[in-house]
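Below is one structure, written out as structure tokens; comments come after it.
The values are calculated or read from the model by the stated rules, or taken from the named source; none is laboratory data. All values reported here derive from a predicted model rather than from experimental measurement. Ideal geometry is used to build each Cβ from the backbone, glycine not excepted, and the neighbour counts take in all protein chains shown.
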Amino acid sequence: MTRTAEAATVSAVARQFLTFQLGGEMYAVGILRIKEIIEYGALTAVPMMPTFIRGVINLRGSVVPVVDLRARFGAGPTAIGRRTCIVIVEIEADGESQVVGVLVDAVHEVLDIADADIEPAPSFGTQIRPDFVAGMGKVAGNFVILLDLARVLAVDEMASVAAAADADALPPVH
């Protein structure tokens, strides 16, 4: 195979993404990060957590925090409906693997998106922070926002947001 043909084959390689909906927008994450999808069930609320952490679930004996992506993106809490579900994902944090649930409005399908159909993340125009976007996938003439889960679910950043929320909630000292 010539170097040109090899490069064309590599650029045409498709990656698989799980697509889901949040407030009318279509998002996707790489399928390799997904452990499972479960229907929305009872969450145990944890006091003094930021609003985007809805609580924890018991997943086969493990405590798994559940992050409401709509709230994490600043769009308010997800309204629970019959298609609402929790996508269990695995992320790397400080060299360790961590399991987190993300609350989404609805899961759609797994799509193959060729590398050639993935555009760089725009610096504006989305309703979420640009550093949360890994790219824009072109699918059937529409764009799907590809999320960078490592940034969206960065534990250290979420902890600093929680600390800032706690500081805002404290009464003023006289």
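In table form, for the structure just shown:
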| read-out | value |
| --- | --- |
| Selection from segment 117-140 of residues that are at negative phi and out of contact with any strand residue (DSSP E or B) (no Cβ under 9 Å at 6 or more places or on another chain) | S123, F124, R129, P130, D131 |
| In segment 54-75, residue surrounded by the fewest Cβ atoms within 10 Å (Cβ to Cβ) [restricted to those that are touching a residue at least 40 places away in the same chain (Cβ under 8 Å), under 20 Å from R151 (Cβ atoms) and among the aliphatic types (A, V, I, L, M)] | A75 |
| Hey, D117 of a type in the set (D, E, K, R), under 17 Å from A134 (Cβ atoms) and surrounded by 13 or more Cβ atoms within 10 Å (Cβ to Cβ) or not | yes |
| Subset of segment 82-102 [touching an Asp or Glu at 6+ places or on another chain (Cβ under 7 Å) and exposed (fewer than 13 other Cβ atoms within 10 Å of the Cβ)] | S97 |
| Hey, V107 closer than 16 Å to Q21 by Cα and either outside any strand (DSSP E or B) or modelled with pLDDT of 90 or more (or both) or not | yes |
